[in-house]
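Asks: If you scroll down you'll find the structure; I have some questions about it.
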Amino acid sequence: MNPPSGLRIDFSQPLGESALLPADSLSWRIFKNPLALLIGGLAAVILELAEPAVRTGVWEHSTFRSDPMRRLRRTGLAAMVTVYGARSVAEPMIARVVHMHSKVSGETPDGERYSATDPRLLTWVQATATFGFAEAYSRYVRRLSAGEFDLLFREGSAASTLYGAVDAPTSYGELQALFAGMRNRLEPSPIIFEFLDIMRTVKGFPRPLCWMQATLVRAAVDIIPPWIRERLGLTHHFGLRSAERWLIEAAGAIADRVPLSGSPSAQACRRLGIPTMQLYA
C-alpha cells in the first residue's frame, strides 16, 4: 500500500486528534521499532512476489526495479500513517491509495487478468504485511504470545477494510488458514531472487544499518514459513547464519528502547499530549 508520491506527513498535527488506533494499542508499541518494520516489510514483499498476480502488478507498476528504496519508503510511510496519523490525515490518504489502485490492472505472463482492487489480492498484501511486522518483532525483539498475535490482526482489521481487503485475517488462526489456501498459488520466480539481490546492495538503507544490510535481508527470509521458503527455493543459504541472530536481536532490543524524537510515533505522542516514553516502558 503506497501513499501518493511526494506526500509529506506531519504526525504532530492536528493537536489532540486521535488516530485510527488508540495510543495504548499493541500496534503503537510494535510499529515504533524501525528494525522490525524494515525486516518485516522485506519479508512481506517476498511473500507478495510469490503470488503471480501480485508479483506482476508490483513489478510492472512500481519503482522496485529502478528505485526500490523509494517504493519501500512509501510503503513504510503508508503503514506509519495508518497506525500513527491523525484520522483526518489517515482516511484521506487511504482513499487516495485506493484510487491509485483502481488504475492498476493487467495480465500475468501466463495470461491471467488481474486488478489491484481485487479483494483477494488486497487481502494477501494486507495479511503478509501484518504477518511480516508481527513475526519480525516477535522473532527479533520480544516474543509475542498467541493472544498478542490475534490482537494485532484484530487491530488492523478496520484499516484493512478501508484499503479494500475485506477478508483480511482477524486472527493468527485465520492467517494460517489463508496461507494454507494459497499453497497452490505461491510459486518460485526469478523476480524474487532479483529482489533479494537488489536489497543486498541498493543504496539508501538507514545509515546506522548499512553495514548489516545483507544480514537484514537474510533475517527477512528467515521469518518466512519453512514450507513457503522451500516452495520458493529459498534454501538455508538465504537465511540467517547461526552467528548473526544475536546481532539482529541486540539491534532489535536497542531499537525498542531508544526513542527517536522525529519518528512518527514520537510526533503522534506529542499530538496527543502523552509522554513518548509511554511506548518504551
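The values are calculated or read from the model by the stated rules, or taken from the named source; none is laboratory data. What you see is a predicted model; the values in this text were computed from it and never measured. Note that each Cβ is placed from the backbone with ideal geometry, even for glycine, and that neighbours are counted across all protein chains shown.
Asks: Please go through the stretch 150-187 and pick out each residue that is assigned to a loop (DSSP other than H, G, I, E, B) and either among the small types (Gly, Ala, Ser) or in contact (Cβ under 8 Å) with a residue 60 or more places away in the chain (or both).
Replies: Residues of the stretch 150-187 that are assigned to a loop (DSSP other than H, G, I, E, B), as a first pass: 164-171, 182-187.
Correct list: Gly164, Ala165, Ala168, Ser171, Met182, Arg185, Leu186, Glu187.
Asks: What about Ala50, is it surrounded by fewer than 23 Cβ atoms within 10 Å (Cβ to Cβ), farther than 23 Å from Tyr140 by Cα and small (Gly, Ala, Ser)? Before the answer, list the steps.
Replies: Details: surrounded by fewer than 23 Cβ atoms within 10 Å (Cβ to Cβ): no; farther than 23 Å from Tyr140 by Cα: yes; small (Gly, Ala, Ser): yes.
No: the conditions fail for Ala50.
For every residue, the table says whether it meets (1) within 16 Å of Gly132 (Cβ to Cβ); (2) touching a Gly at 6+ places or on another chain (Cβ under 6 Å).
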position	(1), (2)
Val221	yes, yes
Thr235	no, no
Leu240	yes, no
Arg245	no, no
Leu260	no, no
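Asks: Further question: How many residues does the stretch 188-211 hold that are at pLDDT 90 or above and either acidic (Asp, Glu) or out of contact with any Pro (no Cβ under 6 Å at 6 or more places or on another chain) (or both)? Break it down stepwise before answering.
Replies: Step one: of the stretch 188-211, the residues at pLDDT 90 or above are 188-200.
In the following step, the residues that additionally are either acidic (Asp, Glu) or out of contact with any Pro (no Cβ under 6 Å at 6 or more places or on another chain) (or both) were identified as 188-197, 199-200.
Going through the stretch 188-211 one residue at a time, the tally reaches 12.
Asks: Let me ask something additional. Collect the residues in the stretch 110-148 that are part of a helix (DSSP H, G or I), over 17 Å from the mean Cα position of the chain (by Cα) and acidic (Asp, Glu), keeping them in residue-number order. Spell out how you get there, then give the answer.
Replies: So in the stretch 110-148, the residues part of a helix (DSSP H, G or I) come out as 119-140, 146-148.
Checking which are over 17 Å from the mean Cα position of the chain (by Cα) leaves us with 119-120, 146-148.
Of everything in the stretch 110-148, just one residue is part of a helix (DSSP H, G or I), over 17 Å from the mean Cα position of the chain (by Cα) and acidic (Asp, Glu), namely Glu148.
Asks: Among the residues of the stretch 223-249, write down those that are among the small types (Gly, Ala, Ser) and either at pLDDT 95 or above or surrounded by 15 or more Cβ atoms within 10 Å (Cβ to Cβ) (or both).
Replies: Taking the stretch 223-249 first, the residues among the small types (Gly, Ala, Ser) are 233, 239, 242-243.
Across the stretch 223-249, the qualifying residues are Gly233, Gly239.
Asks: Taking the stretch 16-32 only, how many residues are part of a helix (DSSP H, G or I) and of a type in the set (Phe, Trp, Tyr)?
Replies: Just the residues of the stretch 16-32 that are part of a helix (DSSP H, G or I), to begin with: 26-30.
Then keep just the ones that are of a type in the set (Phe, Trp, Tyr); that gives 28.
Here the count works out to 1.
Asks: Name the one entry in Val45, Val83, Val58 that is among the hydrophobic types (A, V, I, L, M, F, W, C), without any contact (Cβ under 8 Å) to a residue 60 or more places away in the chain, out of contact with any His (no Cβ under 7 Å at 6 or more places or on another chain) and within 23 Å of Ala134 (Cβ to Cβ).
Replies: On the way: Val45 fails: without any contact (Cβ under 8 Å) to a residue 60 or more places away in the chain; Val83 fails: without any contact (Cβ under 8 Å) to a residue 60 or more places away in the chain.
The conditions single out Val58.
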